[in-house]
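Below is one structure; the comments refer to it alone.
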Amino acid sequence: MQESVMQRMWDSAHLSGGNAAYVEELYELYLHDPNAVPEEWRTYFQKLPTDGSAATDVSHSTVRDHFVLLAKNQRRAQPVSAGSVSSEHEKKQVEVLRMIQAYRMRGHQAARLDPLGLWQRPVPADLSINHYGLTDADLDTTFRTGGLYIGKEEASLREIHQALQHTYCHTIGAEFTHIVDSEQRSWFQQRLESVRGRPQFSAEVQSHLLERLTAAEGLEKYLGTKYPGTKRFGLEGGESLIPLLDEVIQRSGAYGTKEIVIGMAHRGRLNVLVNTFGKNPRDLFDEFEGKKTEGLSSGDVKYHQGFSSNVMTAGGEVHLALAFNPSHLEIVSPVVEGSVRARQDRRSDVAGEKVLPISIHGDAAFAGQGVVMETFQMSQTRGYKTGGTIHIVINNQVGFTTSRAEDSRSTEYCTDVAKMIQAPIFHVNGDDPEAVLFVTQLAVDYRMQYKRDVVIDLVCYRRRGHNEADEPNGTQPLMYQQISKQRTTRELYAEALTTAVSHSTDDVQFKIDEYRTALDNGQHVVKSLVKEPNKELFVDWRPYLGHAWTARHDTRFDLKTLQDLSNKLMEVPEGFVVQRQVAKILEDRHKMAAGALPINWGYAETMAYATLLFEGHPIRMTGQDIGRGTFSHRHAALHNQKDGSTYLPLQNLYEGQPRFDLYDSFLSEEAVLAFEYGYATTKPNSLVIWEAQFGDFANGAQVVFDQFISSGEHKWGRLCGLTMLLPHGYEGQGPEHSSARLERYLQLCAEHNMQVCVPTTPAQIYHLLRRQVIRPLRKPLVVLTPKSLLRHKLAISTLEDLAEGSFQTVIPEVDAIDAKKVDRLILCSGKVYYDLLEKRRNEGREDIAIVRIEQLYPFPEDDLTEVLATYKSLKHIVWCQEEPMNQGAWYCSQHHMRRVATAHKKTLFLEYAGREASAAPACGYASLHAEQQAKLLQDAFTV
Ligand code: AMP
């Protein structure tokens, strides 16, 4: 073990040179706090022989000798050039190394991060030389630098201390020592220390920085003058965001990135739209003047708008997409991730080199919203990773919900949540644009090299309060007294450049005038904007536009090919041992393909996927236990009983087939569903499915349904073909997991915004899933899927149903009942149908017909009218549901049924048979459940 650790240490580049010193340094740390060193080192130090003195620790020379001996054995040893230093000097040397380590760990706590200078933070004691028993008298003594990257092996204490101060305590606060991987930590040390936290930028770069700041400030001033008092959530105070974004785009473009997707809340959004995306200022002015610019029924406010454009970078053209955003903060982050993953999948960009996500956050929301944690948690998982996200926090130091920072979080920084995935975090003073530029370069380089998330905490302020109509002095008097005196970032930087004589005041004024003139003329203000964008860089959505839900579609599939595909699915690789019950399911499927067994749900669903793949449609399925299916009906992923390896038959249908991606999700609904929404709104040719473990799990993702799935098309013109499978059914299992809360989805339905279906046969789910992709209409599809029906003896179909049928929005009576004798028609959806059917058959009733409504929205009034037409003698029409009266479809769908009923016969009055209104979705007592169920069936026959 020790040797392997040593080998690794030797092998890591950062050790070359100062290795013995490094070990000593570790040893010092170990003595100070054994938990501060990696476990392997702790074990190593613990096992060292003691020198027999009363002291429990080992002398440094023992450690060093031991280490050198070990290293010699590795034939790569660099003997320590300790020379003839006195032991007093040696002790101080150790202290110096400890101090270096302390700066790396805690230097950020002494950095000047707040542009307003109001933060009051005690400087950590261990950043002072005195803490280590060193004094001013030692300042000119030479010490080994021990791995400090300042380009020399030895330096005076003064130089070492100054280098540490500049690197770690200036306007950048770097947090990276929480990263476990020592190579990454060394990478940061090298990058930061070698330039002492401040690289020299050329006059050209400085001029560009100033130009970007002028643009950022210029737009806000212009809007403030032209539309005084209008809410715009201006960027004032955080102008450095614009050069920051510019650098991310340009630098990642140079790396070969082809697409960047950005998510951000409202603050600074208009500025980003105009100054980063190149939105025509004239279009923005139109929005300020309240003109309706898009043909959307709802539309959205200007600071929620998305945008797309292409810009030129050193690596070629880059497509930029700004995600549309609701007011619910942070929820757009997983949407961006999903959109990025879709683009990466489209480009077969497995490593995440071609598409980059950027998430821009507010400080309060970053600390407060749970979805931030969920999104971090998914960042390295197989199904959701995107090769690292660049997070930017526009840190105004105050949220809209509290007046004091200590009320808004319990962590030191608003960014501490990012440490859970060991993301490096750079706090940077927004009034130091060169420091901002430097950390941006680090962040991009780190993301490109390590493919992991990184956070830039842009510490700034909001000059005008929460928005332009706000009076911030009421709640933050001291902060706003300071802000009223604070010169803008551009003014400060312009002054710094003119003082340094790299710029003249004329240059500065020229930039201001040039920008203003461009706005006056309504011209684009992004110089790198590509006027004729390369359309290859993004998807053409035109084939999916302008279709009605009633458009005809053909979901039939050749029977022979279906059977061939089915047989192919039964094949498993040589030596692959399938578990006994799963083998039985496969065997049964084999019989179903041969027509020897009726088709069940699992088979039909699997064949929907197989046939779609055969026809060239990629499929992505994620969700909780989705591979198996919560109720064990799917088994789309097979697990080898010998070695635990996994095999997905649907990935192995034929050479060159489309992608079939299937991932069991981690235990999140909100972030995962938002991710899939982002994916589906970016990849229209795919069937994208999310499955909840039980339907009510989707409650945790309500914001995604409300603000994206149900309304995205009407607010933003963004189509989405996402399919959600929500297990639903009253099986006597109690208040949880019985109901998928059908009523919630129906209540969200209007303007044909989405589809809500409750299929009851295997053939129905088969055709429904096929319809979702084959029909060019892209509308979200909520499917209430069954539990007990998966194995119900009556819930079966035939091969011909799959080969020849189609999805029926309404299923008429299936038994040979004479329509003339029918005076009672029961309408229903879902599992209760089979209970009603069995009851009627048992009772031998011929006066009752049962009709299933399989699509509750858009409600198929025409199809129902057609079915009703056969029944001329109707006296009763009843809606029967298992759900309580205040739930299920009763309140949301009855007007459709009434309309059809009264059109059929004026005197026909729609009646209700179902559970009484109830606070909980279902009861917890099995006997009560059975009683209620029997009563509602009886009611359907008698009310
Ligand atoms: P993007 O790559 O997201 O910038 O999209 C490029 C263009 O495709 C947009 O400007 C839209 O015109 C169109 N588009 C993208 N996503 C959708 C969608 N979900 N629905 C309709 N059109 C879309």
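Bear in mind that the values in this text are calculations on the coordinates, not laboratory data. Keep in mind that this is a model prediction, so the values were computed, not measured. Cβ: placed from backbone, ideal geometry, glycine included. Neighbour counts: every protein chain shown.
Site pair Asn699 and Lys906 shows an inter-label distance of 4.7 nm when each label is modelled 7 Å from Cα along Cα→Cβ.
Sorted from longest to shortest, the spans of the Cα atoms of region 402-446 along the three principal axes equal 34, 28, 11 Å.
By the beta-carbon count within 10 Å of each Cβ, the least crowded to most crowded order of Trp601, Trp119, fewest first, is Trp119, Trp601. For a label point 7 Å from the Cα of Ala926 along Cα→C-beta, name the residues of region 779-811 whose backbone N is under 18 Å from it. The answer is 788-789, whose backbone nitrogens lie closer than 18 Å to the label point. Computed over the chain, the P(r) tail beyond 54 angstrom holds 29 percent of alpha carbon pairs.
Projected label points at Glu804 and Glu587, each 7 Å from Cα along the beta carbon direction, are separated by 3.2 nanometres. Within a straight-line Cα-Cα reach of under 30 Å, Lys935 can be paired with the following lysines, leaving aside sequence neighbours fewer than 8 residues apart in one chain: Lys787, Lys793, Lys820, Lys821, Lys831, Lys839, Lys872, Lys875, Lys905, Lys906. Note on the chain: dipole from Cβ charges, positive end direction compared against Leu241, Asn842, Met373; the farthest Cα belongs to Asn842. Using all C-alpha to C-alpha distances in region 497-559, build P(r) with 5 Å bins and read off the rounded percent in each one. With 5 Å bins starting at 0, P(r) equals 3, 10, 10, 10, 10, 9, 9, 7, 7, 6, 5, 4, 3, 3, 2, 1, 0. For Leu928, the shell of other residues with beta-carbons less than 13 Å away shows a net charge of 0, using +1 for Lys and Arg and -1 for Asp and Glu. Please report the net charge: other residues with Cβ closer than 9 Å to the Cβ of Val371, K and R +1, D and E -1. Here the count lands on -3.
Please sort through the DSSP H helices of the chain and keep those with an alpha-carbon extent of at least 27 Å along the long axis and a Kyte-Doolittle average not below 1.6. Helices meeting the span and hydropathy rule in the chain: none at all.
Close amide H contacts of Val530 (hydrogens built in the peptide plane, cut-off under 5 Å, sequence separation of 5 or more or a different chain): Asn310, Val311, Met312.
Take the cross-link list Lys221/Lys279; Lys354/Lys683; Lys302/Lys535 and give me the ones stretching past 19 Å between alpha-carbons. Walk me through the numbers before you get to the answer.
Details: Lys221/Lys279 17 Å; Lys354/Lys683 16 Å; Lys302/Lys535 25 Å.
Violating the 19 Å Cα-Cα cut-off are Lys302/Lys535.
Extending 7 Å from the Cα toward the beta-carbon at both Glu90 and Gln894 defines two label points whose distance is 9.1 nm.
Which FRET efficiency value, to the nearest 0.05, do you get for Leu648 and Lys485 by plugging their Cβ-Cβ distance into 1/(1 + (r/R0)^6) with R0 = 45 Å?
0.10
Note that region 650-666 has calculated 3J(HN,Hα) couplings of 5, 8, 10, 7, 7, 4, x, 5, x, 5, 10, 10, 9, 9, 5, 8, 6 Hz, one per residue in order, obtained from phi through the Karplus relation 6.51 cos²θ - 1.76 cosθ + 1.60 (θ = phi - 60°); glycine and proline are x.
Put simply, the amide H of Trp879, placed in the peptide plane, has neighbours under 5 Å in Leu827, Glu911, Tyr912, Ala913, leaving out anything fewer than 5 places away on its chain.
Tyr168 sits among other residues whose Cβ lies under 13 Å from its own Cβ, and their net charge, with Lys and Arg +1 and Asp and Glu -1, is +3. The residue list Gly700, Leu139, Phe660 was ranked by how far each Cα lies along the charge dipole of the chain toward its positive end, using unit charges on Cβ atoms, and Phe660 comes out on top.
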